[in-house]
Amino acid sequence: MPTKQDWEWLAAGSEYQAAVAVQELLEEGKLMEATEGLYALIESMGKSKRLAMKSQLVRLMSHVIKWKCQPDRRGSSWSITIRSARQEIADIQEEVPSLNRDFIESIWEQCFQRALKDAEDEMDKNCELTSLDWSEVFEDEYTWMTKTLTV
């Protein structure tokens with residue numbers, strides 16, 4: 001019977017292989033062992049989604065910071081990255097509803113500090129921002145139009 005550490009190792013290495021192992025145990029009628037594997041698999045999947053959420057939030061904040069600190073460098077790629085990161089976060093939340101606003105707020109400061117450092121490194125200069133609020137990150141429009149519309 002696999003131990004808790006065995007299951008954690010298997011699930012961290014390959015969620016698919018862990019799921020197959022759980023399926024095999026279920027087919028053999030070994031419900032307790034399968035349940036342990038299922039718990040390890042769920043925990044592993046939750047960790048990967050939390051990491052993905054943090055990564056997307058840092059990416060999003062970093063581009064908002066660059067948008068605010070370098071108005072002369074704004075372009076469509078930054079707009080697209082901001083929109084894309086917002087969508088990725090929404091997709092993660094749809095898949096894992098517990099990664100909601102409360103979760104995001106719990107990691108906000110840590111992610112902001114990482115994003116600030118990343119943005120400053122990319123800009124090769126310090127930025128005077130000390131924080132970002134929810135609306136700046138998730139609601140404000142960041143659009144870049146390079147074409148002039150004529151009527």
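The values are calculated or read from the model by the stated rules, or taken from the named source; none is laboratory data. These figures come from a predicted structure and were not determined experimentally. No Cβ is skipped: glycine too gets one built from the backbone with ideal geometry, and neighbour counts run over all protein chains shown. Side chains are part of the model used for accessible areas, which takes the heavy atoms of the whole protein and leaves out ligands, DNA and RNA. Shrake-Rupley method; radii C 1.70, N 1.55, O 1.52, S 1.80 Å.
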Scanning the stretch 35-58 for residues that are aliphatic (A, V, I, L, M) and open to solvent by 70 Å² or more (accessible area, probe 1.4 Å), which turns out modelled with the lowest pLDDT? M45
Quick one: which residue in I65, I107 is modelled with pLDDT of 95 or more and either at positive phi or over 17 Å from the mean Cα position of the chain (by Cα) (or both)? I65
Exclusive hit being over 10 Å from the mean Cα position of the chain (by Cα), closer than 26 Å to W7 by Cα and among the hydroxyl-bearing types (S, T, Y), set S79, S98, S48: S98
Mind listing whichever residues of the stretch 85-132 are aliphatic (A, V, I, L, M) and free of Cβ contacts under 8 Å to residues at least 24 places away in the same chain? A90
When you look at W67, is it of a type in the set (A, V, I, L, M, F, W, C), surrounded by fewer than 17 Cβ atoms within 10 Å (Cβ to Cβ) and in contact with a Ser or Thr (Cβ under 9 Å, 6 or more places away or on another chain), yes or no? no
By residue number, the members of the stretch 87-111 that are surrounded by 15 or more Cβ atoms within 10 Å (Cβ to Cβ) and closer than 11 Å to L60 by Cα are E88, I89, C111
Leading residue by the ranking (modelled with the highest pLDDT) among those in the stretch 112-149 that are among the β-branched types (V, I, T) and open to solvent by less than 100 Å² (accessible area, probe 1.4 Å): V137
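Does the stretch 73-86 contain at least one residue that is open to solvent by less than 20 Å² (accessible area, probe 1.4 Å), among the polar types (S, T, N, Q) and either in contact with a Cys (Cβ under 7 Å, 6 or more places away or on another chain) or more than 19 Å from D133 (Cβ to Cβ) (or both)?
Yes, the stretch 73-86 contains a residue that is open to solvent by less than 20 Å² (accessible area, probe 1.4 Å), among the polar types (S, T, N, Q) and either in contact with a Cys (Cβ under 7 Å, 6 or more places away or on another chain) or more than 19 Å from D133 (Cβ to Cβ) (or both).
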